[in-house]
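See structure below.
The values are calculated or read from the model by the stated rules, or taken from the named source; none is laboratory data. Bear in mind that the values here come from a model prediction, so they are computed numbers and not experimental data. No Cβ is skipped: glycine too gets one built from the backbone with ideal geometry, and neighbour counts run over all protein chains shown. Remember, those area values only see protein heavy atoms, side chains included, never the ligands or the DNA or RNA. Shrake-Rupley method; radii C 1.70, N 1.55, O 1.52, S 1.80 Å.
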Amino acid sequence: MTPEELRQRFSAAGPPVATLYGDEGPRPDPAVLRPASVLVPVVARDAAATVLFTRRAAHLKDHSGQVSFPGGRAQADDASAEATALREAREEIGLDPMRVELLGRMPEYLTRTGFRITPVVGIVSPPFDLRADANEVEEIFEVPLVFLLDPANHQRQSREWQGERRWFYAIPYRGHYIWGATAGMLVNLSRQLA
């Protein structure tokens, strides 16, 4: 899928689809969750569009070593979910907001870890120079968009956690294990663009 096709499909998409989580149990009350945003950065590569990911630093207390989109908690002076996503992307990986064309929001994703995440989709135009903030990010990598949108690559897996079986989506790719909220948001993007 090219960036132009993504623009067309994103703008032509009907009402947002209901969010899927993989684990379809009860969700926390959105009113008590902390607002956060992530940037879903689709890179306009010549050969084919990719999506840019980070692998969180191993020393972090929460979600260490996990694959994620650039993003984080909203701050009081953030004007919008888009402002939060762009600020966090600049802080975590040095992405210049001027290189990002925002396409729009996806439905909120409520996590069991206490966040109400707004995914913001944007097209990133090369060239750009990224630098990982070593306090937060261990690695920056890209995965072809067409691979991520293909339902054949969306796996439902489970793990035992705190004495309970938890289900989630996973999208393994060449040694990278994309799972949980990040994979769930990609499944929702795939459904929204289908």
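Name the one entry in Ala170, Ala181 that is touching a residue at least 12 places away in the same chain (Cβ under 8 Å) and open to solvent by less than 20 Å² (accessible area, probe 1.4 Å).
Exactly one residue qualifies, and that residue is Ala170.
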Please tell me if Phe53 is over 24 Å from Arg27 (Cβ atoms), open to solvent by less than 40 Å² (accessible area, probe 1.4 Å) and of a type in the set (Phe, Trp, Tyr).
yes
Report yes if Val42 is in contact with a His (Cβ under 9 Å, 6 or more places away or on another chain) and in contact (Cβ under 8 Å) with a residue 24 or more places away in the chain, otherwise no.
no
When you go through (1) outside any helix (DSSP H, G or I); (2) free of Cβ contacts under 8 Å to residues at least 12 places away in the same chain one by one for Arg90, which number turns out not to apply?
(1)
Among the numbered criteria (1) over 21 Å from His176 (Cα atoms); (2) in a loop (DSSP other than H, G, I, E, B), which one does Tyr21 miss?
(1)
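Conditions (1) modelled with pLDDT of 90 or more; (2) among the aromatic types (Phe, Trp, Tyr); (3) part of a loop (DSSP other than H, G, I, E, B), marked per residue:
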{"residue": "Glu101", "(1), (2), (3)": "yes, no, no"}
{"residue": "Pro107", "(1), (2), (3)": "yes, no, yes"}
{"residue": "Thr118", "(1), (2), (3)": "yes, no, no"}
{"residue": "Leu130", "(1), (2), (3)": "yes, no, yes"}
{"residue": "Phe141", "(1), (2), (3)": "yes, yes, no"}
{"residue": "Glu160", "(1), (2), (3)": "no, no, no"}
{"residue": "Arg166", "(1), (2), (3)": "no, no, no"}
{"residue": "Ala181", "(1), (2), (3)": "yes, no, no"}
{"residue": "Arg191", "(1), (2), (3)": "yes, no, no"}
Among the residues of the range 18-50, which ones are under 17 Å from Asn188 (Cα atoms) and open to solvent by 40 Å² or more (accessible area, probe 1.4 Å)?
Ala18, Leu20, Glu24, Arg27
Checking the structure you have, find out if any residue of the range 75-82 is among the charged types (D, E, K, R), touching a helix residue (DSSP H, G or I) at 6+ places or on another chain (Cβ under 7 Å) and either open to solvent by less than 40 Å² (accessible area, probe 1.4 Å) or free of Cβ contacts under 8 Å to residues at least 40 places away in the same chain (or both).
yes
Quick check on the range 83-102: of everything there that is buried (at least 17 other Cβ atoms within 10 Å of the Cβ) and of a type in the set (Lys, Arg), which residue is farthest from the chain's Cα centre (by Cα)?
Arg99
